[in-house]
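Structure, as structure tokens:
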Amino acid sequence: MGAGTTFRQVLADKGLVEAMAAHSPLSAMLAAEAGFDAIWASGFELSAMYGVPDVSIVSMTQHLDMTRAMADRAGIPVVADIDTGFGNAINVLHAVEQYERAGAAAIVMEDKSFPKVTSLIADGRQDLVRIEEFQGKIDAARGARRDRDFVIVARTESLIAGLGQDEALKRARAYEAAGADMILVHSKQKTPDEIEAFVQAWDGKAPIALVPTAYPQMTVARVRELKKIGLLIWGNHAVRASVGAMRRTFARIRRDGGIHGVEAEIATVEDVFELQGMGKVKDNEKRFLR
């Protein structure tokens, strides 16, 4: 069974796929361990991991390599955040072919111009491409996939760009008509009202995907009540949790003048060994090394 088929099966069985963001194989493994249905291979998180702004600086090769590693280690479907598709429709042809080959279950592509600026930053440049141009990218993505179950999610940034509900619905309908399997609509409002209004007005058949980073009141229970949501993405909590935990630990070591005060609060070496599969290494050494 291909990764896209697995993703679609989870959606059919549960009615909602919950994806947790990750930026490394380790964070993807921990998300799977926690019971999430899928991994969000986040462009924002990977940019943060490299310590660079989320403005299309991280290359396709860097993101693709990490997506491949996460798909290999997580054991659950990976949804790849490919931003604007790394260029025009010709670039999308290549990207989709590569991400499908790397084991991704789905790609999410947004209708911003390249290079993009991260969505939630205040007063950031949020230029959108023409509807027809983005339809061409969706068509290219459909043409490039080998497995029909590989999921193509079209993301409209109309609300992020301040273009309003009518433009968001117009673009979503056009993207569904071009063949998108899902529509992701994003908002930076601090309450779910704008998104809920969009979902209520949505008259298409494609499921909606949400990333409720800015409006944390949008719980799983609330999402299920809307009945049109197929994918819920917790978009950047892995890297944010990592930053907070490392800052606290590093500051404590500096303050205490040693590691004695943090040992009880952080993962043990044995815990990390288990995640790495060191037990299997020991067993194999006994079996094969003579």
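The values are calculated or read from the model by the stated rules, or taken from the named source; none is laboratory data. Keep in mind that this is a model prediction, so the values were computed, not measured. Note that we place each Cβ from the backbone using ideal geometry, even for glycine, and neighbour counts take in every protein chain shown. Please note that ligands, DNA and RNA were not included when accessible areas were found on the heavy atoms of the full protein model with its side chains. Shrake-Rupley method; radii C 1.70, N 1.55, O 1.52, S 1.80 Å.
Among the residues of region 113-131, the one identified as outside any loop (DSSP other than H, G, I, E, B) and either among the β-branched types (V, I, T) or without any contact (Cβ under 8 Å) to a residue 24 or more places away in the chain (or both) is I131. Filter region 199-228 down to the residues that are part of a loop (DSSP other than H, G, I, E, B), farther than 13 Å from Q189 by Cα and without any contact (Cβ under 8 Å) to a residue 60 or more places away in the chain and list them by number. Correct list: W202, D203, G204, K205, A206, T219, K227, K228. When E18, E45, E33 are screened for being within 27 Å of S242 (Cα to Cα), part of a helix (DSSP H, G or I), acidic (D, E) and in contact with a helix residue (DSSP H, G or I) (Cβ under 8 Å, 6 or more places away or on another chain), only E45 passes. Every residue in region 186-226 that is under 22 Å from V239 (Cα atoms) and of a type outside the set (S, T, N, Q), please. Those that are under 22 Å from V239 (Cα atoms) and of a type outside the set (S, T, N, Q): H186, K188, K190, A209, L210, V211, P212, A214, Y215, P216, M218, V220. Restricted to region 208-265, and to residues there that are closer than 30 Å to L169 by Cα and of a type in the set (G, A, S), the residue that is farthest from the chain's Cα centre (by Cα) is A221. Kindly check whether there is at least one residue in region 59-80 that is open to solvent by 30 Å² or more (accessible area, probe 1.4 Å), in contact (Cβ under 8 Å) with a residue 24 or more places away in the chain, closer than 30 Å to L169 by Cβ and in contact with a helix residue (DSSP H, G or I) (Cβ under 9 Å, 6 or more places away or on another chain). No; the residues of region 59-80 include none that is open to solvent by 30 Å² or more (accessible area, probe 1.4 Å), in contact (Cβ under 8 Å) with a residue 24 or more places away in the chain, closer than 30 Å to L169 by Cβ and in contact with a helix residue (DSSP H, G or I) (Cβ under 9 Å, 6 or more places away or on another chain).
Here's the yes/no breakdown for (1) open to solvent by less than 10 Å² (accessible area, probe 1.4 Å); (2) modelled with pLDDT under 95; (3) acidic (D, E); (4) under 21 Å from G124 (Cα atoms):
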residue: M182; (1), (2), (3), (4): yes, no, no, no
residue: A197; (1), (2), (3), (4): no, no, no, no
residue: A201; (1), (2), (3), (4): no, no, no, no
residue: I208; (1), (2), (3), (4): yes, no, no, no
residue: A221; (1), (2), (3), (4): no, no, no, no
residue: E225; (1), (2), (3), (4): no, no, yes, no
residue: G230; (1), (2), (3), (4): yes, no, no, no
residue: M246; (1), (2), (3), (4): no, no, no, no
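Criterion first (without any contact (Cβ under 8 Å) to a residue 12 or more places away in the chain, surrounded by 11 or more Cβ atoms within 10 Å (Cβ to Cβ) and assigned to a helix (DSSP H, G or I)) does R240 satisfy it? Considered against the rule, which asks whether it is without any contact (Cβ under 8 Å) to a residue 12 or more places away in the chain, surrounded by 11 or more Cβ atoms within 10 Å (Cβ to Cβ) and assigned to a helix (DSSP H, G or I), R240 comes out as yes. Only one entry in A104, A178 is more than 24 Å from L46 (Cα to Cα), small (G, A, S) and open to solvent by less than 30 Å² (accessible area, probe 1.4 Å), namely A178.
A residue that is open to solvent by 10 Å² or more (accessible area, probe 1.4 Å), over 26 Å from T5 (Cβ atoms), among the polar types (S, T, N, Q) and not in a loop (DSSP other than H, G, I, E, B) occurs somewhere in region 155-165.
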